[in-house]
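The values are calculated or read from the model by the stated rules, or taken from the named source; none is laboratory data. Here the structure is a predicted model, which means the values were calculated and not measured. Heads up, the Cβs are rebuilt from the backbone with ideal geometry, glycines too, and the neighbour counts pull from every protein chain shown. Please note that ligands, DNA and RNA were not included when accessible areas were found on the heavy atoms of the full protein model with its side chains. Shrake-Rupley method; radii C 1.70, N 1.55, O 1.52, S 1.80 Å.
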Amino acid sequence: MEIIHTPVMLNESLEYLNIKPGDTIVDCTIGEGGHSVEILKRIGERGFLIGIDKDEDALSRARNRLSVIGNNFVLVHNTFADLSDVLKDLSVKQVHGIIADLGISSLQLHKAERGFSFMKDGPLDMRMNQKAVITASVLVNSLTESELADIIYYYGEEHLARRIAKAIVAYRKKKRIETTSELAHVVESVYKRRGRINPATKTFQALRIAVNNELNDLEKFLKEAPLVLNKGSRIVVISYHSLEDRIIKRAFINNPVLKRINKKVIVPAREEVIANPRARSAKMRVAERL
Ligand SMILES: C[S@@+](CC[C@H](N)C(=O)[O-])C[C@H]1O[C@@H](n2cnc3c(N)ncnc32)[C@H](O)[C@@H]1O
């Protein structure tokens with residue numbers, strides 16, 4: 001069965017972006033183009049869409065979907081942390097809207113060979129950018145016990161981080177940890193009781209953040225993005241865990257050229273969460289360039 005990523009808070013994000021025909025919009029996490037397909041329709045043939053993703057597979061899937069609608073778009077394989085450089089290379093100075101829908105797509109999560117999921121046995125990879133050098137396996141097999149504990153504690157908010165790091169180091173003395181299942185079993189061995197959430201959830205989140213430099217990329221992006229927005233134009237960011245949401249909230253409050261459109265975070269409607277459980281942790285924040 002073909003996996004398709006369902007865009008999260010599609011209607012809300014497009015409404016807040018306030019798109020008009022002829023606009024230039026940047027989708028910083030184009031993924032499979034779920035948001036961008038609708039953006040391309042709304043900007044019309046005089047508009048211009050710029051799509052960025054770290055993942056080349058995602059870009060080629062997005063290209064196939066977008067090409068059916070129009071050809072007034074460009075796709076760039078890069079991190080959104082380099083947004084200013086991406087726009088400079090395209091000779092675009094200012095844009096009318098920016099959207100970033102963070103994290104990974106269903107496609108990445110469900111492909112065992114990408115190594116993001118503890119539910120599927122695959123190589124312990126977790127790279128969004130398949131050309132990057134550092135995989136989760138490299139980190140798990142080479143960092144010191146205290147470096148691993150810090151990553152699992154800070155990026156996973158995992159209170160058993162020290163014990164998990166110790167178990168990883170003990171295991172890898174016998175054998176390198178190469179697969180998602182091996183790591184998931186090591187983490188499970190530390191937990192005495194299983195709750196509703198899989199014990200490996202937080203450790204996998206932590207390693208994914210570290211492998212992809214996610215929080216540093218987000219901080220740099222949030223500094224650059226407001227500077228390339230036209231006055232009165234908006235930035236919409238959807239995040240899926242509290243570490244990201246805190247960074248976005250702080251960046252919007254502290255930026256003197258931004259005005260927050262909603263003080264309270266926007267969450268998906270109940271019907272959306274029922275139809276698409278992946279949306280349950282989504283939080284959207286919107287700001288406007290002054
Ligand atoms: C949740 S998905 C986006 C889905 C998309 N909105 C859709 O509806 O099809 C997140 C995407 O962002 C990409 N991504 C995450 N961090 C990135 C970064 N720093 N720079 C560029 N792309 C990134 C991932 O590779 C993934 O394809």
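Using the alpha-carbon centroid of each, what span in Å lies between region 1-58 and region 187-218?
About 29 Å separates the Cα centre of region 1-58 from the one of region 187-218.
Counting alpha carbon pairs within less than 8 Å and at least 6 residues apart, what relative contact order, in whole percent, applies to region 133-210?
For region 133-210, the relative contact order is 37 percent.
Leaving out ligands and nucleic acids, and using a 1.4 Å probe, what accessible area per residue does region 133-210 come to in Å²?
Each residue of region 133-210 exposes 55 Å² on average to a 1.4 Å probe.
Only four residue types carry charge here, +1 at the Cβ of Lys and Arg and -1 at the Cβ of Asp and Glu. Report the dipole size of region 133-210 about the Cα centre in Debye, rounded to the nearest 20.
Dipole of region 133-210, to the nearest 20 debye: 380 debye.
Just want the answer: with Cβ charges of +1 for Lys and Arg and -1 for Asp and Glu, which residue in Ser146, Val286, Ala269 is farthest toward the dipole's positive end in the chain?
Sorting the options by dipole projection puts first Ser146.
Amide H to amide H, which residues 5 or more places from Ser233 or on other chains are under 5 Å from it, using H placed in the peptide plane?
Amide H to amide H, under 5 Å and 5 or more residues apart or across chains, Ser233 pairs with Arg289.
Tell me, what ³J(HN,Hα) does each residue in region 70-86 have, in order and in whole Hz, if you take phi through Karplus 6.51 cos²θ - 1.76 cosθ + 1.60 with θ = phi - 60° and put x for Gly and Pro?
Going residue by residue, I get x, 10, 8, 8, 9, 10, 10, 8, 6, 8, 5, 4, 9, 3, 4, 5, 4 Hz, with x marking Gly and Pro.
Can you bin the chain into rounded, prolate or oblate? Criterion: square roots of the alpha carbon gyration tensor eigenvalues sorted a ≥ b ≥ c, rounded for a/c under 1.5, prolate for a/b above b/c, oblate for the rest. Intermediate results must be reported in sequence, preceding the final value.
Values: a/c = 1.94, a/b = 1.76, b/c = 1.10.
The shape class here is prolate.
Could you report region 1-116's accessible area per residue, 1.4 Å probe, as an integer in Å²?
Numbers: 5050 Å² over 116 residues.
With the other protein chains kept in place, region 1-116 gives 44 Å² per residue.
Any idea what angle helix 34-43 forms with the longest principal axis of the chain, computed on alpha-carbon atoms, 0 to 90 degrees, nearest 10?
Around 10 degrees separate the two axes.
Which residue, Phe80, Ile238, Gly34, has the largest displacement toward the positive end of the dipole of the chain when charges sit on each Cβ (Lys, Arg +1; Asp, Glu -1)?
Checking the options against the dipole of the chain, the answer is Ile238.
Could you state the angle between the C-alpha long axis of helix 242-254 and the longest principal axis of the C-alpha atoms of the chain, as a value from 0 to 90 degrees rounded to the nearest 10?
Tilt relative to the chain: about 40 degrees.
State the Cα centre-to-centre distance between region 60-127 and region 130-167 in whole Å.
25 Å
Which of the trypsin sites (Lys or Arg not before Pro) found in region 171-221 are in a DSSP loop and have at most 16 neighbouring Cβ atoms, other than their own, within 10 Å? Walk me through the numbers before you get to the answer.
On the way: sites: Arg172, Lys173, Lys174, Lys175, Arg176, Lys192, Arg193, Arg194, Arg196, Lys202, Arg208, Lys220; in loops: Lys175, Arg176, Lys192, Arg193, Arg194, Arg196.
Passing both the DSSP loop test and the Cβ count: Lys175, Arg176, Lys192, Arg193, Arg194, Arg196.
Once you've got the GNM for the chain with C-alpha springs shorter than 10 Å, pick whichever of Gly34, Gly122, Gly232 has the biggest mean-square fluctuation.
For the chain, modelled as a Gaussian network with Cα springs under 10 Å, the answer is Gly232.
Give me the dipole magnitude in Debye, nearest 20, for the chain about the Cα centre, with unit charges on the beta carbon: positive for Lys and Arg, negative for Asp and Glu.
Details: 46 positive and 36 negative charges, 184 e Å.
Here the size comes out at about 880 debye.
Solvent-accessible area of Ile168, probe 1.4 Å, all protein chains present, reported in Å² to the nearest ten, please.
Surface open to solvent at Ile168 totals about 0 Å².
Could you tell me what percent of the accessible area of region 115-162 is made up of carbon and sulfur, with a 1.4 Å probe and every protein chain present?
Using a 1.4 Å probe with all protein chains present, region 115-162 comes out at 58 percent carbon and sulfur.
For region 100-196, which chymotrypsin sites (Phe, Trp or Tyr not before Pro) are both in a DSSP coil and crowded by at most 15 other Cβ atoms within 10 Å?
Sites meeting the loop and neighbour criteria: Tyr191.
Once both axes come from the Cα atoms, what is the angle between helix 56-67 and the longest principal axis of the chain, in degrees from 0 to 90, rounded to 10?
Relative to the chain, helix 56-67 is tipped by roughly 30 degrees.
Counting only helical runs of four or more DSSP H residues, what would the 222 nm mean residue ellipticity of the chain come to if each run contributes -39,500 (n - 2.57) and the total is spread over all its residues? Let's see the in-between values first.
Values: 13 runs with 131 residues, N = 290.
So the helix-based figure for the chain works out to -13500 deg cm²/dmol.
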